[in-house]
Amino acid sequence: MQENSLGLGATERKDLWWLGPVLTVAGLSLGFGYLTWAAFLGDPAHGHWGPYLSPVYSPPLLEWFPSLTGIVPHWVSPALLILWAPGGFRATCYYYRKAYYRAAFMTPPACAVEGVPYKDYKGEKYFPFILQNAHRFFMYLAVGFIAILLYDFYKAFWFPTADGSGTQFGVGVGTLVMGINCVFLSNYTLGCHSLRHLIGGKIDCFSCNQFTRARYKLWGKVTILNENHMLWAWCSLSSVVFTDFYIRMVANGIFTDFRIF
């Protein structure tokens, strides 16, 4: 930070440069605020109806491991056992870092705009910013969650029969909502910078052999998703919120889930 700084927000720009940071803060606050609220509700019945399971409550750890019921404190919802993994992936995401560094920390809030002075900032080598380096490890967990959500999407096609004796194939509005959520989350996760580096990084020659050529082709596909990482970040955050909201409304009898066939 230069000593002749003109102060926070000083700029010669004449456009609405502040609109981007304001919308970013609002979007992140609404998205993560809703998911935090949903996680602390505690009752998994709010996020489960028929064949639909909210991504906030997936995977259903207490259902898979009933023995945890007596171990986990009563105030810890099933969602809280899960959301730390995808939450950590997003919080350390390269795009989200840019978003909240600029919008919330104002370092700087926009190009050619004076930001908040951080005289002791030493990069991401020291606590707490060194925790950002855990992103690559959260990425492994996030890819696993995509597989689980795809399985939940498959189950969303199988509705309980009227007599409760089994299931039958069908497609409801909730099935489509869960499917769209899987698409957005997959595009966001598979376009991750760390995954792109894992696939195509540390190679001196892409054309040397069949294996490196295959890696190059896969790297190119991930790059296509990576080029729109910001778009997929916002679409996937919105879709997770809406999917949970929709299933929650259906489970509480506020919405009616229409069967398409």
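On the basis of being within 30 Å of K98 (Cβ to Cβ), touching a residue at least 24 places away in the same chain (Cβ under 8 Å) and assigned to a helix (DSSP H, G or I), does V241 make the cut? So V241 fits the description; yes.
Quick check: is even one residue across the stretch 224-241 touching a Leu at 6+ places or on another chain (Cβ under 6 Å) and closer than 25 Å to A85 by Cα? Checking the stretch 224-241: at least one residue is touching a Leu at 6+ places or on another chain (Cβ under 6 Å) and closer than 25 Å to A85 by Cα. With the condition kept exactly as written, say whether any residue in the stretch 174-187 is hydroxyl-bearing (S, T, Y) and within 28 Å of V56 (Cα to Cα). Yes, there is a match, as at least one residue in the stretch 174-187 is hydroxyl-bearing (S, T, Y) and within 28 Å of V56 (Cα to Cα). Within the stretch 158-203, restricting attention to residues that are assigned to a loop (DSSP other than H, G, I, E, B) and touching a Ser or Thr at 6+ places or on another chain (Cβ under 9 Å), the residue that is modelled with the lowest pLDDT is I203. Taking the stretch 204-218 as the range and being in contact with a helix residue (DSSP H, G or I) (Cβ under 8 Å, 6 or more places away or on another chain) and part of a helix (DSSP H, G or I) as the test, the residues that pass are R215, Y216, L218. Reported count of residues in the stretch 163-179, each being surrounded by fewer than 15 Cβ atoms within 10 Å (Cβ to Cβ) and out of contact with any strand residue (DSSP E or B) (no Cβ under 9 Å at 6 or more places or on another chain), is 4.
The values are calculated or read from the model by the stated rules, or taken from the named source; none is laboratory data. Computed from a predicted model, the values in this text were never measured in an experiment. Using ideal geometry, Cβ is built from the backbone for each residue, glycine included, and neighbour counts are taken over all protein chains shown.
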